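Undergrad: This is the structure I have questions about; it appears just below.
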Amino acid sequence: MENILKYLFPPKCIFCGVQGDIFCETCLAECSLLTSQYCLVCDLPSENGNTHERCLKRFGGLAPARLLCAYSYSGKVRDCIKFSKYGARQFLSLRKLCMEATSVCAEIWGSVAADLCLPIPSSPKKLSYRGFNQANMVAEEVSRSFKIPLRKDLLVRSRNTEAQHTQSREGRRENVKGSFAVTDRRELAGRKILLVDDISTTGATFLESARVLNEAGAAEVQCFALSKREKVCYNSPAYARA
Ligand SMILES: [Zn+2]
Ligand SMILES: [Zn+2]
């Protein structure tokens, strides 16, 4: 059925309009892959995205062990993530980008082994906005391609956080404190978790989620982000997301 629909209504690239795919190969090739990975805590380069020993210690072992990011949050990647909020076609183009991201990441950085794949939960406010959930979409593709069971129910928001405008790295960490809760500690105890989001900015969201999961008894927490905001200017008005 999907093939017949594709034949009758061939998809067009949302960027260049060429027929054949919703995010064409040419436009995908223009997306800038990260050539190195960074420590989630201090944002300095780190091998394979592993959190530095000193940074792990700083958080008493409750920080994620690793952060893997596919793309720089810029150009068509930024547009794709932004547009994906506005309609079903745009949302589908995000799936295409996620498929590309996981396959390229596996090629360059190796696949990720974990017992459970958890998306970062949206705040209720954000989710009600047309129902397109970016983190869920990325997690679905990560789960499929790395063959890690997806669980959307184990990590939840416990409160709405303030919009994260004009806040320092430390300020953002304070702001997300207490925003997450686990629903079933038995399901998490001793398990290796892969946390997934569409954008990593200061790492505050990942750091706080990982803290909650580690405190609930997880054996290890790793993070995967579709994109990473590089060299953030925290006071820029364009800056609006964790
Ligand atoms: Zn195109
Ligand atoms: Zn570090």
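The values are calculated or read from the model by the stated rules, or taken from the named source; none is laboratory data. These figures come from a predicted structure and were not determined experimentally. For the accessible areas, the whole protein counts, side chains as well, though only heavy atoms, and no ligand, DNA or RNA atoms are used. Shrake-Rupley method; radii C 1.70, N 1.55, O 1.52, S 1.80 Å.
Undergrad: Rounded to the nearest percent, how much of the accessible area of the chain (1.4 Å probe, protein heavy atoms only) is carbon and sulfur?
TA: Summing carbon and sulfur atoms, their accessible area is 53 percent of the total for the chain.
Undergrad: With springs only between Cα atoms under 10 Å apart, run a GNM on the chain and tell me which of Ile108, Ile148, Ile120 wobbles the most.
TA: Highest fluctuation among the options: Ile108.
Undergrad: Tell me, what is the per residue accessible area of the chain in Å², probe radius 1.4 Å?
TA: Value returned for the chain: 48 Å² of accessible area per residue.
Undergrad: Amide H of Lys228: which non-local residues (sequence gap of 5 or more, or other chain) have their own amide H closer than 5 Å, using H built in the peptide plane?
TA: Distant-sequence amide H within range of Lys228: Tyr71, Ser72, Tyr73, Ser200.
Undergrad: Right, here's the next one. Take the chain, connect every pair of alpha-carbon atoms lying under 10 Å apart with a spring to form a Gaussian network, then pick out the residue of Ala210, Ala29, Ala218 with the largest mean-square fluctuation.
TA: In the Gaussian network model the winner is Ala29.
Undergrad: Among Pro121, Pro64, Pro11, which one shows the highest mean-square fluctuation when the chain is modelled as a Gaussian network with alpha-carbon springs under 10 Å?
TA: Highest fluctuation of the listed residues: Pro11.
Undergrad: On to the next question. Compute the acute angle (0 to 90°) between the alpha-carbon long axis of helix 134-146 and the principal axis of greatest extent of the alpha-carbon atoms of the chain; round to the nearest 10°.
TA: Its long axis makes an angle of about 90 degrees.
Undergrad: Please work out how much accessible surface Lys12 shows to a 1.4 Å probe, ignoring ligands, DNA and RNA, in Å² rounded to 10.
TA: 100
Undergrad: What shape does the stretch 23-228 have by the C-alpha gyration tensor, where a ≥ b ≥ c are the square roots of the eigenvalues, rounded means a/c under 1.5, and otherwise prolate means a/b greater than b/c and oblate the rest?
TA: Cα axes put the stretch 23-228 in the rounded bin.
Undergrad: Something else now. Return the long-range amide H neighbours of Leu195 (sequence gap of 5 or more, or a different chain), with a cut-off of under 5 Å between placed amide H atoms.
TA: Leu118, Gln222, Cys223, Phe224
Undergrad: Going down the list Lys76/Lys192; Lys82/Lys177; Lys57/Lys85; Lys57/Lys228; Lys12/Lys147, which pairs span over 28 Å between their C-alpha atoms?
TA: Table pairs above 28 Å Cα-Cα are Lys76/Lys192; Lys57/Lys85; Lys12/Lys147.
Undergrad: Over the chain, what is the relative contact order in whole percent, taking alpha-carbon pairs under 8 Å and six or more residues apart?
TA: Worked out over the chain, it gives 20 percent.
Undergrad: Output wanted: per-residue J couplings in Hz (rounded whole) for the stretch 60-72, from phi through Karplus 6.51 cos²θ - 1.76 cosθ + 1.60, θ = phi - 60°, x for Gly and Pro.
TA: x, x, 9, 7, x, 6, 7, 10, 10, 10, 8, 10, 7
Undergrad: Which value in deg cm²/dmol, rounded to the nearest 500, describes the helix-derived mean residue ellipticity at 222 nm for the chain, given -39,500 (n - 2.57) per DSSP H run of n ≥ 4 and division by the residue count?
TA: -10500 deg cm²/dmol
Undergrad: Further question: Calculate how steeply helix 204-215 sits against the longest principal axis of the alpha-carbon atoms of the chain, using the helix alpha-carbon long axis, and give the answer as 0 to 90 degrees to the nearest 10.
TA: 60
Undergrad: OK, next. With both partners inside the chain, how many of the DSSP beta bridges are antiparallel, as a percent to the nearest 5?
TA: Antiparallel bridges make up about 25 percent of those DSSP assigns within the chain.
Undergrad: What residues qualify as long-range amide H neighbours of Phe180, i.e. H under 5 Å apart, gap of 5 or more or another chain, H built at 1.01 Å from N?
TA: Placed amide hydrogens put Ser158 under 5 Å from Phe180.
Undergrad: Does the stretch 7-137 come out rounded, prolate or oblate by the C-alpha gyration tensor, with a ≥ b ≥ c the root eigenvalues, rounded set by a/c under 1.5 and, if not, prolate when a/b is larger than b/c and oblate if not?
TA: prolate
Undergrad: Could you state the angle between the C-alpha long axis of helix 88-109 and the longest principal axis of the C-alpha atoms of the chain, as a value from 0 to 90 degrees rounded to the nearest 10?
TA: Once rounded, one gets 60 degrees.
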